[in-house]
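The values are calculated or read from the model by the stated rules, or taken from the named source; none is laboratory data. Bear in mind the structure is a predicted one, so any value in this text is a computation, not a measurement. With ideal geometry, Cβ positions are generated from the backbone for all residues, glycine too; neighbour counts draw on all protein chains shown. Ligands, DNA and RNA are stripped out before the accessible areas are found, and what is left, the full protein with its side chains, is counted by its heavy atoms. Shrake-Rupley method; radii C 1.70, N 1.55, O 1.52, S 1.80 Å.
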Amino acid sequence: MALAPKFEAAQVEDKWYAYWKSHRFFASTPDEREPYSIVIPPPNVTGILHMGHMLNNSLQDILIRRARMRGYNACWVPGTDHASIATEAKVVAKLKEQGIDKNNLSREQFLDHAWDWTNEYGGVILQQLQKLGCSCDWDRTKFTLDPDMSESVIDVFIDLHKKGLIYRGFRMVNWDPEAKTTLSDEEVIFEEKPGFLYHIAYQIEGSDEKIVIATTRPETLLGDTAICIHPDDERYTSLKGKRAIVPIVNRSIPIIFDDYVDLEFGTGCLKVTPAHDINDKALGEKHDLELIDILNPDATLNSFGLHYEGKDRFVVRKEIVEELETLGQLIKKEPHTHNVGTSERTKAVIEPRLSDQWFLKMEELAKPAINAVLNSDEINLVPSKFNNTYRHWMENIRDWNISRQLWWGHQIPAYYYGDGKEDFVVAKSIKEALGLAQQKSGNKNLTIDDLNQDSDVLDTWFSSWLWPISVFDGIRHPDNDEINYYYPTQDLVTGPDILFFWVARMIISGYEYRGEQPFSNVYLTGLVRDKQGKKMSKQLGNSPDALKLIEEFGADSVRVGLMLSAAAGNDLLFDESLCQQGKNFANKIWNAYRLIDGWEIDYSLEENKMNSKTLDWYEHKFNSVLLNVDDHFEKYRISDALMAVYKLIWDDFCSWLLEAVKPTYGDPIDLHTRTRIKVLFENNLRVLHPFMPFLTEELWQQMSTRKVEEALIVSSWPTHKKADDDCLTAFDTATKIISGVRNFRKERQISHKEELSLFILSDAGEVYYQELIHKMGGLSDLTFVSETPKLSGAAFRVDTLECFIPLEGTVDAETEKEKLQEELKYAKGFLNSVKKKLENERFVSNAPEQVIEIERKKQADALEKISLLEKRLSQL
């Protein structure tokens, strides 16, 4: 069948994806081959495909397809994350639309709704990844709440608790009042926000004297239990042993002295609210102060808020300032910029809150993970600039708050049997817990009815930190065939925003549970931004619909568009024109094969020697580029690898090779040329396949009748052979000569049909590829001479060769003279500017030697050009 005039991506994508899946080309089981395994960063089960997913998964697919072609047993494990906060929020919102309040449901009823929602909407993103061409082993698809995955999480919790690394503590935590759960320190984003510093007068008890306190959060005065002053502050020595009255509340509180207070900030007096500030809590413990929590879980005020009970904290802030003004106790209000912690997930302003929570001790666990990245070559971060970020986080690591006040997730396996703080046991089942509780309490009469399981769930990251191990069942069965074969994995592709959340924690769990790294290389992508440099997001409305891009341009074109601008670790400026560039490239390749396929073969023709030499050149060029491509892959310069292939096919194959060997219109071609060029085209398809899988498979299958096992997806990656540098240099010289002739025609508007004469002045005699220069230059004759002909003409230089085209019968001599004089004027001006630089002592003494050498080369080139132009003018 003749190829269609244009490549229609929509007509081939579903066909070839179904073909690959039906023949199980993505599937992997342990065998005698060397494994190459990647685990997908599991997207939220609630998610839909966006540009960040497209970039990340295109990169992974490129790596896995190339590994498959290189003979590795390639295994890419897909899956999704249960995403506790995001999913629960969506389910609560859906229930609200139906008039159902979560608080009126039992845990089991709510979880039924959550599973219904997950089964209906969850996993859509995995279907969308197939549209992109992702060659995951879909039989291995995992979900972090799958029974085996959940069991692994619970086993790890129990194990770490037994080791004394997990503990329960009453701590000041980051409270998200919108999600109504705690957050780890890493899930809090600090942003500078404008606010106010309020100066409030507190009455000294039994006196008319007042003390002024400066605060950014006046509503928290309702929970004040002391005023603190620096012991060296001479302004307030008279207040030692005295008490103050909290405005509005009229509570009597002690005035304490502690060197924690900053003498320079505000008035030098600090209101102490131990229930609502981590530093105040430390002061409270030191000075045995009362704890008064004024907030409900949703950040409205509770009964300690008096007449503000039930109102939101920010509403109360405004109203309490007005009340203080009325009372004459607001002394002044001044603008003040301060750091405000916000929830990464909900964007709500975080409240410090005292709560019983579960924590994991991290300091000792982190040590092997620090060593693996920073002190050895076990794990490489690409680019390495992220090593410093990793160092900062890991060397300042704090205990991980792993409990969340949610229902969707892995319920903490702790069972309470009494009212005491230590009246609990940790167990895999309630039956096991009963035995442990009876033993711990000494009460053999305890029954299952006396036990209550902790209502909190584990932080979502506490399941995904086990991902490279648990997907191969390495927690429950640490010596099974799969974990021993596929672990450690080779590469991880992810974003730097979760370098600590996920990557560092996976490294920690890898060393704790496998004694080795979970992966060898971490490729950190940049953020996808629009062409103005703004981060793409739904809120800004600047993020294109990923599936619509695929529909409009084709998956291959979108992949190329992303890769052409995706250097590791650098943000990429995405523009749909890049997808159009990918589409143009696809059509270029398609039309190249249409041209080849349309040639008529004359079996009687002998091998064309010029064609044979040009085909030899392309083989050497291919091997030279292949060496660079492989090197780019080794260094994770995936964008550079694609660009090298892009230029090889567009410039070298299409613009030079095809143009050189194609027969005159209507003439046949010899079998040898046609056979060899098809082999070379197949090699092009091999190196292009990881980037553009659909187009390449379609052309591969069009070129010949293939058996299933001969599909391009499982064909061999080309093996590098030594390139002949002399051949490449000779061809490069020929192309420069041809380009010089073409420029001569363009500048003088001479048709390609009009043949020209070309003289080449060469001490070394004739150059290679004369037939090629003759054909592609449109020459009537090509002559090699030892001195410049005594003719009017135009000259140009190629390396050490001087090329001369006679002007007689082509252009007017006077016009040519004017043109050369203009060029000479410009060249002399350029030379003058370079000479000034080199004569500038300051420049020469301060500039790097490399820069000075560049300027000297410019000077030499300009002198040579001036000499050539003057010579040509004298001949005219």
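General remarks:
- Residues that are touching a residue at least 60 places away in the same chain (Cβ under 8 Å), under 24 Å from LEU615 (Cβ atoms), of a type outside the set (Ser, Thr, Tyr) and open to solvent by less than 60 Å² (accessible area, probe 1.4 Å), drawn from segment 702-729: MET703, TRP717, PRO718, ALA723, CYS727, LEU728
- For segment 406-439, filtered to residues that are closer than 17 Å to PHE359 by Cα and exposed (fewer than 15 other Cβ atoms within 10 Å of the Cβ), the residue that is modelled with the highest pLDDT is GLU422.
- The sole residue among ILE738, ILE713 that is outside any loop (DSSP other than H, G, I, E, B) and closer than 27 Å to TRP20 by Cα is ILE713.
- For segment 356-394, taking the residues that are of a type in the set (S, T, N, Q) and part of a loop (DSSP other than H, G, I, E, B), the one that is most open to solvent (accessible area, probe 1.4 Å) is identified as SER384.
- Qualifying positions in segment 603-629 - acidic (Asp, Glu), surrounded by fewer than 16 Cβ atoms within 10 Å (Cβ to Cβ) and at pLDDT 95 or above: ASP616
- Meets criteria (more than 26 Å from VAL425 (Cβ to Cβ) and surrounded by fewer than 21 Cβ atoms within 10 Å (Cβ to Cβ)) for GLN517: no
- Screening segment 241-297 for residues that are touching a residue at least 40 places away in the same chain (Cβ under 8 Å) and on the phi > 0 side of the Ramachandran plot and picking the one that is nearest to the chain's Cα centre (by Cα) gives GLY266.
- Among the residues of segment 764-789, those identified as at pLDDT 75 or above and open to solvent by 60 Å² or more (accessible area, probe 1.4 Å) are TYR768, GLU771, HIS774, LYS775, SER786, GLU787.
- TYR665 meets the conditions (1) surrounded by fewer than 20 Cβ atoms within 10 Å (Cβ to Cβ); (2) part of a helix (DSSP H, G or I); (3) among the aromatic types (Phe, Trp, Tyr) in every case but one. The failed one is (2).
- When segment 734-760 is limited to residues that are touching a residue at least 24 places away in the same chain (Cβ under 8 Å) and among the basic types (Lys, Arg), the one that is least open to solvent (accessible area, probe 1.4 Å) turns out to be ARG745.
- Count of residues meeting criterion [aliphatic (A, V, I, L, M) and more than 38 Å from the chain's Cα centre (by Cα)] in segment 610-634: 2
- Scanning segment 520-529 for residues that are touching a Leu at 6+ places or on another chain (Cβ under 8 Å), open to solvent by 10 Å² or more (accessible area, probe 1.4 Å) and modelled with pLDDT of 95 or more yields a total of 1.
- Residue match in segment 692-709 (condition: within 30 Å of HIS774 (Cα to Cα), among the polar types (S, T, N, Q) and assigned to a helix (DSSP H, G or I)): no
- Residue within segment 602-615 that is over 24 Å from THR696 (Cα atoms), part of a helix (DSSP H, G or I) and of a type in the set (A, V, I, L, M) present: yes
- From the list ALA2, ALA10, ALA18, the lone residue that is exposed (fewer than 15 other Cβ atoms within 10 Å of the Cβ), within 30 Å of ASP116 (Cα to Cα) and not acidic (Asp, Glu) is ALA18.
- Only one entry of ILE154, ILE189 meets the criterion of being open to solvent by 20 Å² or more (accessible area, probe 1.4 Å), hydrophobic (A, V, I, L, M, F, W, C) and closer than 30 Å to VAL315 by Cβ, and that entry is ILE189.
- Subset tally (residues that are open to solvent by 20 Å² or more (accessible area, probe 1.4 Å) and either among the β-branched types (Val, Ile, Thr) or touching a His at 6+ places or on another chain (Cβ under 6 Å) (or both)) for segment 197-215: 1
- Of all residues making up segment 380-412, the number that are under 22 Å from SER463 (Cα atoms) and in contact with a Phe, Trp or Tyr (Cβ under 7 Å, 6 or more places away or on another chain): 8
- Residue among THR300, THR326 that is over 23 Å from ARG353 (Cα atoms) and open to solvent by 20 Å² or more (accessible area, probe 1.4 Å): THR326
- Residue within segment 41-60 that is in a loop (DSSP other than H, G, I, E, B) and under 17 Å from THR696 (Cβ atoms) present: no
Here's the yes/no breakdown for (1) among the hydroxyl-bearing types (Ser, Thr, Tyr); (2) within 18 Å of VAL156 (Cα to Cα); (3) open to solvent by less than 10 Å² (accessible area, probe 1.4 Å); (4) over 19 Å from the mean Cα position of the chain (by Cα):
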| site | (1), (2), (3), (4) |
| --- | --- |
| SER441 | yes, no, no, yes |
| ILE448 | no, no, no, yes |
| ASN452 | no, no, no, yes |
| VAL457 | no, yes, yes, yes |
| TRP467 | no, yes, yes, no |
| ASP479 | no, yes, no, yes |
| GLU482 | no, no, no, yes |
| PRO496 | no, no, no, no |
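- Hits in segment 547-581 (condition: closer than 28 Å to THR389 by Cβ and modelled with pLDDT under 90): LEU564, SER565, ALA566, ALA567, ALA568, GLY569, ASN570, ASP571, LEU572, LEU573, PHE574
- Here THR267, THR326 are screened, and the one residue that is closer than 16 Å to THR215 by Cβ, out of contact with any Leu (no Cβ under 8 Å at 6 or more places or on another chain) and among the hydroxyl-bearing types (Ser, Thr, Tyr) is THR267.
- Any hit, segment 848-861, residues being closer than 21 Å to ARG742 by Cα, modelled with pLDDT under 85 and not β-branched (Val, Ile, Thr): no
- Criterion violated by THR733 - all others in (1) part of a helix (DSSP H, G or I); (2) out of contact with any strand residue (DSSP E or B) (no Cβ under 8 Å at 6 or more places or on another chain); (3) modelled with pLDDT under 95 satisfied: (2)
- Per-region count, segment 103-126, residues touching a residue at least 40 places away in the same chain (Cβ under 8 Å) and either open to solvent by 50 Å² or more (accessible area, probe 1.4 Å) or more than 32 Å from the chain's Cα centre (by Cα) (or both): 5
- Odd one out for GLN532, checked against (1) of a type outside the set (Gly, Ala, Ser); (2) at pLDDT below 90; (3) part of a helix (DSSP H, G or I): (3)
- Unmet criterion (only one of (1) open to solvent by 20 Å² or more (accessible area, probe 1.4 Å); (2) under 54 Å from the mean Cα position of the chain (by Cα); (3) within 28 Å of LYS753 (Cα to Cα)) for ILE805: (1)
- In the set LEU642, LEU680, only one residue is crowded, with 23+ Cβ neighbours inside 10 Å and either within 30 Å of GLU771 (Cα to Cα) or modelled with pLDDT of 95 or more (or both); that residue is LEU642.
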